[in-house]
Amino acid sequence: MGESALEKKLLLKKESAWTKFSEQERKMAFTMGDNYKVFLDAVKTEREAVKEIIKRAKAKGFEDIAKSKELSYGDKVYFVFKEKAVALIVIGKEGLETGLNVTGAHIDSPRLDLKPTPLYEDSSLALFKTRPYGGVKYYQWANVPLALHGVIVKKDGTKIDFVIGENEKDPVFVIGDLLPHLSRKQDAERKAKDTLKGEELNVIVGGIPIDDKDAKQKVKLAVMNILNTSHGLIEEDLASAEIEVVPATKAKDVGFDRSMIGSYGQDDRSCAFSQLNAIMGVQKPKRTCLALFVDKEEIGSTGNTGAQSFILENIVREIISRSKNKDYSAVKIALQNSKALSADVTAGVNPTFKDAHDEKNAIYIGHGIAIDPLVKTGASAEYLGEIRKLWNDKKVPWQIGELGKIDLGGGGTVAMFFSKYGLDIIDAGIPLISMHSPFEISSKADIFSAYKAYLVFLSS
């Protein structure tokens, strides 16, 4: 039995975004999905994300703001900060004092970082000691092929990029787990969250001892000798390194219908990708548009490249410094009058664990971009109404809900830090299944819906 006319008129419907797409939009969603997979494979760290974002932006006509003496209507520029945060800006017709349209996503993802002195030898194996970055379930990282990404500043001050495990001919690395034949004590005494403990996240990196009869740590020395030969490293160089341990897997289509994408790092590079494509599609907007990509969200948006820093203020100040009217007192006014979307992922319902959600306020993958109005900031009814009308008028598939049941946990986004400026902001992003795992799942429909949503918001 179908819906009555009154139900169609009065009740909120939950339905797949795929049913709302035209045939052309479906094709665009799949094409964007293929592009997204390429993006994910290229950006497994925040530094790599910044490089890829700049590369793609340059191809669309964006220039380094540092090279611009004076900005004018329609100019497209980027602002990069310490290689870990970047903003793309399109100058609007109105002055900055009327406010900007801002989207903000983070480009760091949960991972393992090498400890300051990581390399050691035990039981005739060489291993790296790690520590988790962001919220991860430790056991999910065992028995997974891993790669090493990052930068190392050597003793002489030179900096090198360091990536091993991604090339088809590269070795990979692994955290070993206890075999089921010998895990009776582990199974009986440890809760699921402690199946693997933080200090047990040790990555196996070598197993052949060096041919040196005087060496005491032959396997460790052999590994260090390989690194010295290939990269000119000594062990002390690892003290001035940022090496991230990430899955050595590639982004893949998921499902017989290929409607989903599975990959590491979709929190929050899915929203970063969607807002990147959106800002690149903006042409001569009424208000200045800014897409901000920041670091450190997974550990509270701390540090000088996180959302708690003054990066947003500094970017507006940079724009003003290259404007005809260099009124620096307008920075706070510009931000206060701005409209913003916190582009961050949320939890989609996993059918196996759907009791973690309030069914009436659950968010589903494949139903379009998800609004969560209550994440830390609490958006106003007026702003919710404005966004809702905009997306309805432009036929953007969207849904509204929350992360999960109240008593089971929660999280925050960059919105809680940008809202201090007095601007209107709301969380709107892509739902994921298996969030914070080495292989997260998204829907191509949601990637495309988010792109549309950010584009019409920035352009409005």
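For the reader, a short list of remarks on this structure follows.
This table checks each residue for (1) under 18 Å from GLU313 (Cβ atoms); (2) in a loop (DSSP other than H, G, I, E, B); (3) assigned by TED's automatic domain parsing to the domain that holds VAL151.
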position	(1), (2), (3)
ILE54	no, no, no
LYS69	no, yes, no
TYR78	yes, no, no
ILE89	yes, no, no
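- Test: residue in segment 174-185 that is under 30 Å from LEU40 (Cα atoms) and among the hydroxyl-bearing types (Ser, Thr, Tyr): no
- Positions within segment 314-342 being closer than 28 Å to TRP398 by Cβ and surrounded by fewer than 17 Cβ atoms within 10 Å (Cβ to Cβ), in sequence order: GLN336
- None of GLU236, GLU189, GLU168, GLU242 is out of contact with any strand residue (DSSP E or B) (no Cβ under 7 Å at 6 or more places or on another chain), within 28 Å of PHE439 (Cβ to Cβ) and not assigned by TED's automatic domain parsing to the domain that holds PHE439 except GLU168.
- Answer residue from segment 44-61, given it is touching a strand residue (DSSP E or B) at 6+ places or on another chain (Cβ under 9 Å), in contact (Cβ under 8 Å) with a residue 60 or more places away in the chain and under 17 Å from VAL282 (Cβ atoms) and is surrounded by the most Cβ atoms within 10 Å (Cβ to Cβ) among those: ILE53
- Check on ILE319, within 24 Å of CYS271 (Cα to Cα), β-branched (Val, Ile, Thr), assigned by TED's automatic domain parsing to the domain that holds ASP75 and assigned to a helix (DSSP H, G or I): no
- Residue within segment 135-155 that is over 26 Å from the mean Cα position of the chain (by Cα) and more than 18 Å from VAL246 (Cβ to Cβ) present: yes
- Residue match in segment 332-349 (condition: more than 25 Å from ALA445 (Cβ to Cβ), part of a loop (DSSP other than H, G, I, E, B) and free of Cβ contacts under 8 Å to residues at least 40 places away in the same chain): no
- Of all residue pairs spaced 6 or more apart or on separate chains, those with beta-carbon atoms under 7 Å, a first member in segment 202-228 that is crowded, with 18+ Cβ neighbours inside 10 Å and a second member that is in a helix (DSSP H, G or I) and not charged (D, E, K, R) are VAL205/VAL223; GLY206/VAL219; GLY206/ALA222; GLY206/VAL223.
- Of the residues making up segment 287-314, those that are part of a loop (DSSP other than H, G, I, E, B), within 19 Å of GLY99 (Cβ to Cβ) and over 15 Å from the mean Cα position of the chain (by Cα) are ARG287, THR288, PHE310.
- Count of residues meeting criterion [under 23 Å from ALA126 (Cα atoms) and either assigned to a helix (DSSP H, G or I) or under 29 Å from the mean Cα position of the chain (by Cα) (or both)] in segment 161-189: 18
- Looking only at segment 401-424, and only at residues there that are part of a loop (DSSP other than H, G, I, E, B) and of a type in the set (A, V, I, L, M, F, W, C), the one that is farthest from the chain's Cα centre (by Cα): LEU423
- GLU83 vs. criteria assigned to a loop (DSSP other than H, G, I, E, B), modelled with pLDDT under 95 and either within 22 Å of the chain's Cα centre (by Cα) or surrounded by 13 or more Cβ atoms within 10 Å (Cβ to Cβ) (or both): no
- Residue satisfying all of: in segment 86-109; acidic (Asp, Glu) and surrounded by fewer than 22 Cβ atoms within 10 Å (Cβ to Cβ); nearest to SER329 (Cα to Cα) among these: GLU97
- Cβ-Cβ under 6 Å pairs, at least 6 apart or on other chains, segment 406-428 side under 18 Å from VAL316 (Cβ atoms), far side of a type in the set (Lys, Arg): ASP424/LYS339
- When LYS44 is tested against (1) basic (Lys, Arg); (2) over 23 Å from THR249 (Cα atoms); (3) not in a helix (DSSP H, G or I), just one condition goes unmet, and that condition is (2).
- Hits in segment 216-273 - residues which are in a helix (DSSP H, G or I) and among the basic types (Lys, Arg): LYS218, LYS220, ARG269
- Some residue of segment 363-375 being in the same structural domain as HIS436 (by TED's automatic domain parsing) and in a helix (DSSP H, G or I): no
- Extreme residue, surrounded by the fewest Cβ atoms within 10 Å (Cβ to Cβ), among residues of segment 261-286 that are over 9 Å from the mean Cα position of the chain (by Cα) and polar (S, T, N, Q): GLN283
- The set of residues in segment 1-17 that are within 29 Å of the chain's Cα centre (by Cα), of a type outside the set (Lys, Arg) and either more than 13 Å from GLN399 (Cβ to Cβ) or not in a helix (DSSP H, G or I) (or both) comprises GLU15, SER16.
The values are calculated or read from the model by the stated rules, or taken from the named source; none is laboratory data. Small disclaimer: the values here were computed from a predicted structure and weren't measured. Positions of Cβ are generated from backbone atoms using ideal geometry, with glycine treated the same way; all protein chains shown enter the neighbour counts.
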